[in-house]
Amino acid sequence: MFSWMEVLSQWQQGIVYPRWAALAHWGYGEARFLFYPPASWTLGAALGAILPWKLVPGTYCWIALMLAGTSMYRLAREWLAARDALFAAAFYAVNPYHLVVVYWRSAYAELLAAALLPLLLDTLLRLREPGGRPVLWLSMILAAAWLTNAPAALMIHYSAAGLAVLLAARERSWRLLAGAGLAVVLGIGLASFYLLPAILEEKWINLGEVLALGVRPQDNFLFTTIADADHNRFNWLLSYVALAEIVIIVLAIWRSYASRLKKEPFWLLLSAWGGATILLMFSVSNLFWQYLPKFRYVQLPFRWLLCLNAALALLLAMSTRRWLIRALVTAALLAVLLMVGDGIQAPWWDNASDIREMSNAMSDGTGHEGIDEYVPAGADPYEVNKDLARITDASGKAAAARTIQWEPIAKHFVVQAPEPTTLTLRLFNYPAWQVTVNGRPVKTETADVTGQMIVPVTAGQNDVRIRFGRTPDRIIGDIVSIVSLILLLVSWTKTRPPSAARATS
């Protein structure tokens, strides 16, 4: 919610695409919006612009779950009767893991990505059809994944690769595999305005914090314990929920085996996808986590429940026809969630007064704690002084400066110095900052430990201007995305959907 509030505030200041979270770490800032995909914080900020903040989280979750259910219905209706597709959609929207995300984890970007998984499988299956539209659809889904949540995007891309290889082998079609590969490349191109800066500038932040003790893959396999009681309680909660779902999906695969021929290759892909996600949540898969490219940045193996539930919803609808059995299975899964929630780790949500306090901290400039991994490399956010003046002199006292502008991406102040000296700012020194003194660019220094920006000034009056500049990677990323979008639009107009191609042939 701090991200949403910050984005809305920057929109109101005319900053269309925020990059620097100015109020993180109590006003020292961080490069959060360069690295955190924009879809979720854009939706959250947009909702905050029209609703009271206390209503925004619930509304966001409702939208995310409705999108997930709708996309699942779209997929299921291709293979199942309307009533069965409706059950699959409803189950998928409010499956146990989604409820954990809503009431325990508050992983809102990951929740939004759930809507992409049914569309992914639907589009992969359509690659068997003639024409180029399925490739273009798949590229947009993969681009949307990068722009929604990075760990979910990795899971979606690895899922797409595995399912495409399996489908191509079954169909004996290299064309299908080539189409999937082309979609991956075009999807990366479409998302390059975000992806390229995030990849090239990751060396400028403390990215290693995302794999710190407690959030490494090896610390979070099902039923794993470490020397952290809070971590263990939450891991056990997820483990029991996962175990219940694993039992159900194994039974669903077995019960639907007899009818698989009617649903090939749909049943095969669902069963393989479900089986692979089960494997990846246990420590036996540790080699994959350590050696597959970027795989470790999924961080938490239980995140694969996001994919498992897409397969589970469909297999459950295929394997059970009686609504009584479906109701009993759903009730059993809900009972497991309620029992572990009551006995191991209770859920929590901030209440209206908590959210009001958050909003006040943003509006009065107090700021918030921030996120460790988005701090500039070498800076320790736990060593900063929350009460420090914006501009301090060499002695550590507040400098006699006249502040003209102190906005998220632009700072401007004038200071009179009796002799050459340095000024330390309440601002983390990130390489994208461009500083001029009396119109001339200057090279800043970085404070040891705290990572604050240090600006050298000369004797006399100094007009200091600081701006968060457009780095070359951002410019190139924008160009690549524009070119990719033009290529997508041109290809779209020159290709016909398979139905139209069949009608004219």
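Miscellaneous remarks
- Whichever residue in the stretch 213-234 is of a type outside the set (D, E, K, R) and touching a residue at least 60 places away in the same chain (Cβ under 8 Å) and, among such residues, is nearest to E373 (Cα to Cα): V215
- In the stretch 95-154, the qualifying residues are those that are part of a helix (DSSP H, G or I) and of a type in the set (D, E, K, R), and the one that is farthest from W41 (Cα to Cα) is R126.
- Extreme residue, farthest from the chain's Cα centre (by Cα), among residues of the stretch 15-43 that are more than 24 Å from L196 (Cα to Cα) and of a type outside the set (F, W, Y): G27
- Residues within the stretch 232-283 that are of a type in the set (G, A, S), closer than 22 Å to Y103 by Cβ and over 25 Å from the mean Cα position of the chain (by Cα), tallied: 1
- Flag for Q405 being exposed (fewer than 13 other Cβ atoms within 10 Å of the Cβ) and outside any loop (DSSP other than H, G, I, E, B): yes
- Search result, residues across the stretch 127-162 that are among the hydrophobic types (A, V, I, L, M, F, W, C) and either modelled with pLDDT under 95 or more than 20 Å from A68 (Cα to Cα) (or both): L127, V135, L136, A161
- Some residue of the stretch 474-495 being hydroxyl-bearing (S, T, Y), over 34 Å from the mean Cα position of the chain (by Cα) and either modelled with pLDDT under 95 or not in a loop (DSSP other than H, G, I, E, B) (or both): no
- Residue within the stretch 381-390 that is within 14 Å of W26 (Cβ to Cβ), within 25 Å of the chain's Cα centre (by Cα) and either touching a residue at least 60 places away in the same chain (Cβ under 8 Å) or surrounded by 13 or more Cβ atoms within 10 Å (Cβ to Cβ) (or both) present: yes
A quick yes/no check of all residues on (1) among the aromatic types (F, W, Y); (2) crowded, with 19+ Cβ neighbours inside 10 Å; (3) more than 30 Å from G14 (Cβ to Cβ); (4) in contact with a strand residue (DSSP E or B) (Cβ under 8 Å, 6 or more places away or on another chain):
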position	(1), (2), (3), (4)
D393	no, no, yes, yes
A401	no, yes, no, yes
A417	no, yes, yes, yes
L425	no, yes, no, yes
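- Set A169, A164: member being surrounded by 22 or more Cβ atoms within 10 Å (Cβ to Cβ), farther than 20 Å from R496 by Cβ and out of contact with any His (no Cβ under 9 Å at 6 or more places or on another chain): A164
- Taken together, the residues in the stretch 437-478 that are more than 21 Å from L388 (Cα to Cα), touching a residue at least 60 places away in the same chain (Cβ under 8 Å) and not basic (K, R) amount to 6.
- Matching residues in the stretch 201-222 - criterion: being β-branched (V, I, T) and part of a helix (DSSP H, G or I): V210
- Selected residue (criterion: nearest to G29 (Cα to Cα)) from residues of the stretch 411-447 that are of a type in the set (D, E, K, R) and at pLDDT 95 or above: R426
- So S259, is it over 23 Å from A168 (Cβ atoms) and either at pLDDT 95 or above or surrounded by 20 or more Cβ atoms within 10 Å (Cβ to Cβ) (or both): no
- Matching option when the condition is surrounded by fewer than 21 Cβ atoms within 10 Å (Cβ to Cβ), in contact with a strand residue (DSSP E or B) (Cβ under 9 Å, 6 or more places away or on another chain), touching a residue at least 40 places away in the same chain (Cβ under 8 Å) and over 14 Å from A114 (Cβ atoms), among W53, W26, W20, W79: W26
- Test result for L75, at negative phi and over 22 Å from the mean Cα position of the chain (by Cα): yes
- Restricting attention to the stretch 307-359 and to residues that are assigned to a helix (DSSP H, G or I) and among the polar types (S, T, N, Q), the residue that is surrounded by the most Cβ atoms within 10 Å (Cβ to Cβ) turns out to be N309.
The values are calculated or read from the model by the stated rules, or taken from the named source; none is laboratory data. The shown structure was predicted, so the numbers you read here are calculated from the model rather than taken from an experiment. With ideal geometry, Cβ positions are generated from the backbone for all residues, glycine too; neighbour counts draw on all protein chains shown.
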